[in-house]
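To start, the structure itself, in structure tokens.
The values are calculated or read from the model by the stated rules, or taken from the named source; none is laboratory data. Every value quoted in this text rests on a predicted model; they were computed, and no experiment measured them. We place every Cβ from the backbone using ideal geometry, glycine too, and count neighbours over all the protein chains shown.
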Amino acid sequence: MKNLMRSMLIVLVFTGATYQLAQAISAKSHHPAAAAVTPEQSRQQATLLKVVHDSTERFKDFHAAELAGYKLTFGCVTGPDAGAMGLHFVNFDVLGQINNTGVLDATRPPIVIYEPGPDGNLRITGADFLVFKAEWDAKHPEGPPALMGQLFHLFDFPNRFGLPAFYTLHVWAWKENPNGAFVNWHPNVSCQSFAAPN
């Protein structure tokens, strides 16, 4: 399973599908106005943001994330009109454990997200939790994943970037998002300063 996921993600990078990923997710990331949030939901959201912030603090320097097994995978994911996601550093071991066990852990995100700065430095902006739909649904017939009360977004297959259907949850724990802490795109994140590795 780990090799399958790695192969799919490598294919995604080398087929130039980053733009297609942005387009596909952009089409699904426009949500109607958010419903009123209860005090309990607000508390859970604040707790999730704090847990992800605290557990990724050691990755403020992306070199620390690389030493912990995270690897830049998608390049810099941007959209033409919905902001950007930024740089996804994926830990394939953590991703494989989530998909094999069906257990989500807010302290162990499989993806840490960064924004490239004009000085060449990378600034941490948040984390992304991803699980393939087939693996999740087989272990959880009760429904889609939620992390501390926050529902994941579903991206169906077929999709433009060739991945199986998957659930994902972005947690903007390091850079406040005016559109919400758990949406896919951040309007104030830019890939303009990204220089792809040679």
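List of remarks:
- Meets criteria (in contact with a Phe, Trp or Tyr (Cβ under 9 Å, 6 or more places away or on another chain), farther than 16 Å from TRP185 by Cα and either assigned to a loop (DSSP other than H, G, I, E, B) or not aliphatic (A, V, I, L, M) (or both)) for PRO109: yes
- Being modelled with pLDDT of 95 or more and touching a His at 6+ places or on another chain (Cβ under 9 Å) holds for only one residue in ILE111, ILE98, and it is ILE111.
- Scoring ASN99 on the criteria (1) in contact (Cβ under 8 Å) with a residue 60 or more places away in the chain; (2) in a strand (DSSP E or B) leaves a single failure, condition (2).
- Among the candidates LYS60, LYS133, residue that is surrounded by fewer than 23 Cβ atoms within 10 Å (Cβ to Cβ), farther than 14 Å from ALA173 by Cβ and basic (Lys, Arg): LYS133
- Taken over region 129-158, the criterion of being in a strand (DSSP E or B) and within 14 Å of ASN99 (Cβ to Cβ) is satisfied by PHE129, LEU130, VAL131, PHE132.
- Subset tally (residues that are modelled with pLDDT of 95 or more and of a type outside the set (Asp, Glu)) for region 117-130: 7
- Flag for VAL52 being under 19 Å from ALA173 (Cβ atoms), modelled with pLDDT of 85 or more and touching a Lys or Arg at 6+ places or on another chain (Cβ under 7 Å): no
- Complete set of residues in region 61-83 that are modelled with pLDDT of 95 or more and at positive phi: GLY69
- Residue match in region 116-129 (condition: in contact with a Pro (Cβ under 7 Å, 6 or more places away or on another chain) and in contact (Cβ under 8 Å) with a residue 60 or more places away in the chain): yes
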